Amino acid sequence: MRIQNYSKALQNPVFKIIAEAATELDLECYVIGGYVRDFLLERGQAKDIDIVAVGSGILLAQKVASKMEGKPQVSIFKNFGTAMIKSGDVEVEFVGARKESYDRDSRKPMVENGTLEDDQKRRDFTINALALSLNTSNYGDLLDPFDGLGDLERKLIRTPLAPGVTYSDDPLRMMRAIRFATQLGFTIQLRSLQAITEHKARIKIISSERIVDELHKILASKKPSTGFALLHKTELLPYILPELVALQGIEEIEGQRHKDNFWHTLEVVDNIAQTTDNLWLRWAALLHDIGKAPTKKFHKKIGWTFHGHEFVGSKMVYKLFKRLRMPLNDKMKFVQKMVLMSSRPIVLSEDSTTDSAVRRLVFDAGDHVDDLMTLCEADITTKNPKKQRRYKNNFQLVRQKITEVEERDQIRNFQPPISGADIMKAFQIEPSKKIGIIKEAIKEAILEGEIPNEYAAARKYMIEKGSELGLQLKKK
Ligand code: CTP
């Protein structure tokens with residue numbers, strides 16, 4: 001087989017420095033993995049460069065750093081036998097070629113030195129085992145013993161060794177297979193897919209952080225449903241997001257059916273992926289219906305209901321984030337809010353929308369009202385073109401009303417024109433329940449459109465409400 005040369009992939013000056021350092025240390029070294037794959041896929045120059053040395057990766061890294069301008073620091077991870085140099089926005093990671101097998105109960109490899117090919121064999125996929133030589137004798141040559149190049153052309157995810165071996169060595173690779181298939185639009189080889197199902201329970205030894213990392217990447221893809229459908233098909237999903245699995249299926253009682261909320265959810269996620277890159281809004285789309293499984297009920301007269309699923313769902317978001325060790329911060333609160341409010345614009349678009357209802361929506365959603373509308377628009381999955389057009393138009397009208405109401409009433413991030421301190425001063429009273437009552441009444445009057453969102457009108461209203469409560473304005 002003719003060896004192909006890709007020295008054009010090695011334009012970053014760091015490669016020449018690595019090559020020189022390797023010659024001085026008299027060891028072979030190669031660029032391997034994602035950098036080579038992404039170059040061949042024309043996905044642009046990756047920022048992470050993985051170097052494998054036939055010898056000590058740590059020694060090579062130290063030599064490289066000593067030759068680099070500014071002598072960057074080398075971070076050494078002794079346990080893994082790896083070292084890392086950061087130079088600008090590029091990260092170069094060095095590892096010694098290994099012949100390894102993993103401890104069954106953890107991801108800790110038991111390492112032995114090996115050749116390049118030993119190392120390539122132990123990598124996850126053929127497309128990630130592609131290596132480019134940095135050695136003087138064959139600089140830029142592609143070393144591809146498992147036909148990774150062919151798999152790139154065939155768009156195939158395949159393991160270099162028998163899939164069962166590769167996946168039990170490191171079960172995270174089951175998620176990686178699905179993530180790469182989703183990101184790259186590749187197919188997972190059938191044998192590999194079957195091996196994932198066979199080894200699915202081993203995912204339990206993988207940390208939540210790593211699983212979530214892969215979920216983020218799946219969600220950030222162009223068509224995230226590919227990944228979730230594969231997680232479902234391989235039966236990994238119950239270990240990761242059982243809340244979604246619970247949405248799958250259609251029940252029928254007395255001829256009445258509800259939609260399959262799992263497949264519906266995946267459509268919503270794909271829809272939203274077309275309109276936003278906001279990862280947390282994509283999470284909200286994924287979780288917007290999770291409250292439907294525990295709230296599902298059948299009533300003889302009205303059929304299937306999911307009463308209160310938005311509230312229940314928003315509570316489930318917290319538990320899910322906690323279980324997956326995701327941040328319990330403003331991102332989580334945002335997802336909760338989206339889930340909680342996910343039906344509000346729908347109700348609005350169905351009724352003849354009143355200004356006060358729109359004002360309340362804007363008040364409750366605050367800065368996230370646009371995101372909420374984006375979520376609701378993505379939620380339209382009807383296959384009936386007439387209905388689809390009608391729903392879209394209705395949401396367009398709601399959006400228009402939001403803009404009008406906002407321009408006129410400035411309700412977003414509403415701060416009442418009269419504060420509690422203003423009320424205390426006007427009536428010369430100490431902090432008390434009455435202040436809260438007056439404040440709430442002013443807010444309600446503004447949201448209901450009884451008074452404009454302005455100081456003078458609010459003050460007048462405050463005086464009226466105060467007198468109803470037996471308070472007199474104190475003259476200065
Ligand atoms: N690798 C592996 N098994 C893993 C993780 C990584 O065999 N569980 C190998 C692969 O050869 C991979 C390389 O290590 O290409 C680098 O891993 P990583 O940086 O995590 O992934 P990339 O392939 O570079 O891709 P991405 O940056 O998109 O995650």
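The values are calculated or read from the model by the stated rules, or taken from the named source; none is laboratory data. If you're wondering where the values come from, they're calculated on a predicted model, not measured in any experiment. Glycine gets a Cβ as well: all are built from the backbone with ideal geometry, and neighbour counts include every protein chain shown.
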Name every residue in the stretch 393-418 that is charged (D, E, K, R) and surrounded by 13 or more Cβ atoms within 10 Å (Cβ to Cβ), in order of residue number.
R399, K401, E406, R408, D409, R412
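Residues to consider are T182, T159; find the one that is farther than 15 Å from V52 by Cβ, touching a Gly at 6+ places or on another chain (Cβ under 8 Å) and either within 13 Å of the ligand (Cβ to nearest atom) or of a type in the set (D, E, K, R) (or both). Explain how you work it out, then say what you get.
Details: T159 fails: touching a Gly at 6+ places or on another chain (Cβ under 8 Å).
Among T182, T159, only T182 is farther than 15 Å from V52 by Cβ, touching a Gly at 6+ places or on another chain (Cβ under 8 Å) and either within 13 Å of the ligand (Cβ to nearest atom) or of a type in the set (D, E, K, R) (or both).
Considering D144, D169, which residue is more than 23 Å from the chain's Cα centre (by Cα) and modelled with pLDDT of 95 or more?
Values: D169 fails: modelled with pLDDT of 95 or more.
Answer to the check: D144.
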Filter the helices (runs of 4 or more DSSP H) completely within the stretch 224-320 down to those with at least 3 residues that are touching a helix residue (DSSP H, G or I) at 6+ places or on another chain (Cβ under 9 Å) and touching a residue at least 60 places away in the same chain (Cβ under 8 Å).
261-275, 279-287
I need a count of the residues in the stretch 41-65 that are in contact (Cβ under 8 Å) with a residue 60 or more places away in the chain and either within 15 Å of the ligand (Cβ to nearest atom) or assigned to a helix (DSSP H, G or I) (or both).
3
Between residues in the stretch 406-430 that are more than 30 Å from V369 (Cα to Cα) and free of Cβ contacts under 8 Å to residues at least 12 places away in the same chain and residues that are of a type in the set (A, V, I, L, M, F, W, C) and assigned to a helix (DSSP H, G or I), which pairs lie under 8 Å by C-beta distance while being six or more apart or on different chains?
M424/I435; E430/M424
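May I ask you to verify whether S137 is over 22 Å from A9 (Cα atoms) and either modelled with pLDDT under 95 or not basic (K, R) (or both)?
Values: over 22 Å from A9 (Cα atoms): no; either modelled with pLDDT under 95 or not basic (K, R) (or both): yes.
Against the criterion (over 22 Å from A9 (Cα atoms) and either modelled with pLDDT under 95 or not basic (K, R) (or both)), S137 does not qualify.
For the stretch 440-451, give me each residue that is more than 14 Å from I463 (Cβ to Cβ) and surrounded by 15 or more Cβ atoms within 10 Å (Cβ to Cβ). Even if it seems obvious, please write down each step before you answer.
Start the filter on the stretch 440-451 by keeping residues that are more than 14 Å from I463 (Cβ to Cβ), which leaves 440, 443-444, 446-450.
K443, I446, L447, G449 - these are the residues of the stretch 440-451 that are more than 14 Å from I463 (Cβ to Cβ) and surrounded by 15 or more Cβ atoms within 10 Å (Cβ to Cβ).
What number of residues within the stretch 428-476 satisfy the criterion of being under 15 Å from S356 (Cα atoms), in a helix (DSSP H, G or I) and not small (G, A, S)? Before the answer, list the steps.
Of the residues in the stretch 428-476, the ones under 15 Å from S356 (Cα atoms) are 441-453.
Checking which are in a helix (DSSP H, G or I) leaves us with 441-447.
So of that shortlist, the ones also not small (G, A, S) come out as 442-444, 446-447.
Residues meeting the conditions: 5.
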The lone condition E24 fails out of (1) under 26 Å from R179 (Cβ atoms); (2) out of contact with any strand residue (DSSP E or B) (no Cβ under 7 Å at 6 or more places or on another chain) is (1)
For the stretch 216-225, which positions are crowded, with 22+ Cβ neighbours inside 10 Å and more than 15 Å from T275 (Cα to Cα)?
I218
Can you find even one residue in the stretch 92-107 that is within 20 Å of L40 (Cα to Cα), more than 10 Å from the ligand (Cβ to nearest atom) and at pLDDT below 95?
no
Tally up the residues in the stretch 11-24 that are farther than 18 Å from M84 by Cβ and modelled with pLDDT of 95 or more, please.
5
Any residue at all in the stretch 150-159 that is in a loop (DSSP other than H, G, I, E, B), modelled with pLDDT of 95 or more and not hydroxyl-bearing (S, T, Y)?
yes
For the subset of the stretch 7-40 comprising residues that are touching a helix residue (DSSP H, G or I) at 6+ places or on another chain (Cβ under 7 Å) and assigned to a loop (DSSP other than H, G, I, E, B), which member is nearest to the ligand (Cβ to nearest atom)?
G33
Which members of the stretch 181-208 meet the condition of being closer than 18 Å to G33 by Cα and touching an Asp or Glu at 6+ places or on another chain (Cβ under 9 Å)?
F186
